[in-house]
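Working notes, beginning with the structure itself.
The values are calculated or read from the model by the stated rules, or taken from the named source; none is laboratory data. Predicted, not measured: the structure shown is a model, and the values here were computed from it. Cβ placement follows ideal geometry from the backbone for every residue including glycine, while neighbour counts extend to all protein chains displayed. Keep in mind that these areas ignore ligands, DNA and RNA; they rest on the heavy atoms of the full protein, side chains included. Shrake-Rupley method; radii C 1.70, N 1.55, O 1.52, S 1.80 Å.
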Amino acid sequence: MATENLVYDRPEGFTDTPTHYCPGCTHGVAHRLVAEVLEEMGVIEKTIGVAPVGCSVFAYNYFDTDFVEAPHGRAPAMATGVKRVMPDRIVFTYQGDGDLASIGMGEIVHAAARGENITVIFINNANYGMTGGQMAPTTLPGMKTTSSPNGRDVETQGYPIKVSEMLSTLDGVGYCVRRSLHDPKNIRLAKKAIRMAFETQARGLGFSMVELLSTCPTNWGMTPVNSLKFVEEHMIPFYPLGDYKISDAIKQIKI
Amino acid sequence: MPKELWKGNEAIAEAAVRAGLEAYFGYPITPQTEILEYLSRRMPELGRTFVQAESELGAINMVYGAACTGVRVMSSSSSPGVSLMMEGISYIAGTEVPTVLVNVMRGGPGLGNIAPAQGDYNQAVHGGGHGDYQPIVLAPASVQEAIDLTVLSFDLAEKYRAICMVILDGCVGQMMEPAEMPEMRPVHRENWDWNTDAKMGKRERRILSSIYIDPVDEEQTNLRLLNRWKTIQANEVRYKEYFLDDAEIVIVGFGTAGRVSLSAVRTAREQGIKVGLLRPITVSPFPYEALDQLSGRVDAFLVTEMNSGQMLEDVRLAVKGRVPVEFYGRLGGVVPFPDEILSEIHRMAKVKLGTDVHPRDAWLERMAHIV
Ligand SMILES: Cc1ncc(C[n+]2csc(CCOP(=O)(O)OP(=O)(O)O)c2C)c(N)n1
Ligand code: SF4
Ligand SMILES: [Mg+2]
């Protein structure tokens, strides 16, 4: 007798709304990982998300939790306001690289420096996806975008910002790591990291962030498969995966 | 409660605490900083939230986040800082979460100076942030009024899910006067049906956002907000009248300009001149109707402001050219003396006034000796 084994289902952390992301975009993967972690930790009921401005602006439609929607870059400040008056809730932001590392650099640095007990999911796709693929602070040197048509010239357009490395220097940060979403193994590692980030918050151990190297096939002008290869071959060498800061208290967490 | 000597800024801070303020987020800027400093001590003492933000941009978005959960929240700043808050103010208006803001105005534009001014009237009353929205704006002229209006602002903000801004100039913020504090109200978190404070196993999920991606929805929202504003206009206009019963000349001035004008009015009355004062307390909603009615029975108006005639345009709208409207302003941080306003009253009582020259142009000509 054949038995049926359910190997894939929508996590409880999701609503029934299908996402609007382009085919092959890893925003969807990142969403799923967050939803699974919230479900596994049993915190869906007490979670409040803060959506950004960027392709994930409608993140609030997909997670089955309360959500507020921030102005471009201000999610960490908004999350600070929510968390400070609701300290027993789980509060997370989900932000792109333009949102977090350009217009919102002030807000993210100071939320981290204050050691706000919030979790930040940071999607680094090396461009401004939503507005049609302009250069972001994370765009690789030489990378072509619609606003660096000849390739990013670091002499005139500056150097990319390595956010995890930078934030890990701040004392308020408990957990800060970079992972990638380009293959199943790395996706599993990313999920573990997201879990640890939320565990950090649940224990009040300070600011937690997971930077996720992500794809934007549409604006990169690549097939989804080639986009994944681009992450592996070009982004990871520039943005090394790793644990940039895990405080001693967090190292003790066993899950 | 007995009267005590209070400094304007500290009085506002304590009044907010007594009105049930649960969270304050701010950034230092003169002449407002005492509000921040006072609350940095007072809020933690009461187990409430105080955060010195990285900027006014940070502060307003912290306010925005906290407001979404339904708590009583406030920020305060002075002109340049309020400009930086405009992004958040527009989002808060679009999301319809109650928020109290205090602007202790200083001389501008730009960095300007730290002297008292009223140059942010238009920014406060006629928007400043993008999109269609209208905040409630209250303008105290004394420390006592600053206390009372701060308390009122929390109630109005919640009643209408609106932004309520208290605008005062550095004079009211910095001066000390005897004033009476209200009783301490307990912190009370209203269980609004929009509080976005996590489901907690009790309800469907909630989203608060200023996004209405379908233009038709956005239009509906704008119209709904506009209709709410009409209710506010019908119910919340507040102003003070002085010597208006038999007045032939009526001065219109808010905040410190109104208060200085009152001194001039008293002196003029002693001299037998029939002059009165209407001092708007809500500059938004503006007392159009009261002025409209007055314009049917008085000879002329004099608008006094510590700016270049921003409220003047609203007075002109109300008066509709029926009688002459004159203007006298000092700006850039200069506060008018009662004597200056008194000589304007004398001038108006003496010469025949017309309506053909814009009052600002006429005033500019009279100011030629300064420029
Ligand atoms: C104040 C402001 N400036 C600019 C924009 C336009 N804008 C919308 S999304 C976006 C870029 C988002 O890029 P990113 O954060 O990298 O997210 P992605 O779409 O790549 O996921 C910009 C510039 C805006 N909405 N608000
Ligand atoms: S534009 Fe890029 S980041 Fe945005 S949904 Fe499409 S692929 Fe994803
Ligand atoms: Mg991006």
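Quick notes on this structure:
- Residue in the stretch B:56-68 that is out of contact with any strand residue (DSSP E or B) (no Cβ under 9 Å at 6 or more places or on another chain) and either hydrophobic (A, V, I, L, M, F, W, C) or surrounded by fewer than 20 Cβ atoms within 10 Å (Cβ to Cβ) (or both) present: yes
- Test for A:Asn117: is it more than 7 Å from chain B (Cβ to nearest Cβ), modelled with pLDDT of 95 or more and over 24 Å from B:Arg48 (Cβ atoms): no
- Filter result for A:Glu36 (part of a helix (DSSP H, G or I), among the charged types (D, E, K, R) and more than 30 Å from B:Phe50 (Cα to Cα)): yes
- Considering residues of the stretch A:199-255 that are in a helix (DSSP H, G or I) and over 23 Å from A:Leu100 (Cβ atoms) only, the residue nearest to ligand 2 (Cβ to nearest atom): A:Pro224
- Some residue of the stretch A:116-133 being open to solvent by less than 20 Å² (accessible area, probe 1.4 Å), more than 13 Å from ligand 3 (Cβ to nearest atom), over 30 Å from A:Asp183 (Cα atoms) and in a loop (DSSP other than H, G, I, E, B): yes
- A:Arg84 meets all of the listed conditions (1) under 21 Å from B:Gly94 (Cβ atoms); (2) crowded, with 24+ Cβ neighbours inside 10 Å; (3) more than 12 Å from ligand 1 (Cβ to nearest atom) but one, namely (1).
- The residues in the stretch A:168-182 that are open to solvent by 20 Å² or more (accessible area, probe 1.4 Å) and part of a strand (DSSP E or B) can be counted, and the count is 1.
- Scanning the stretch A:29-51 for residues that are open to solvent by 40 Å² or more (accessible area, probe 1.4 Å) and at the interface with chain B (Cβ under 9 Å from one of its Cβ atoms) yields A:Glu45, A:Lys46.
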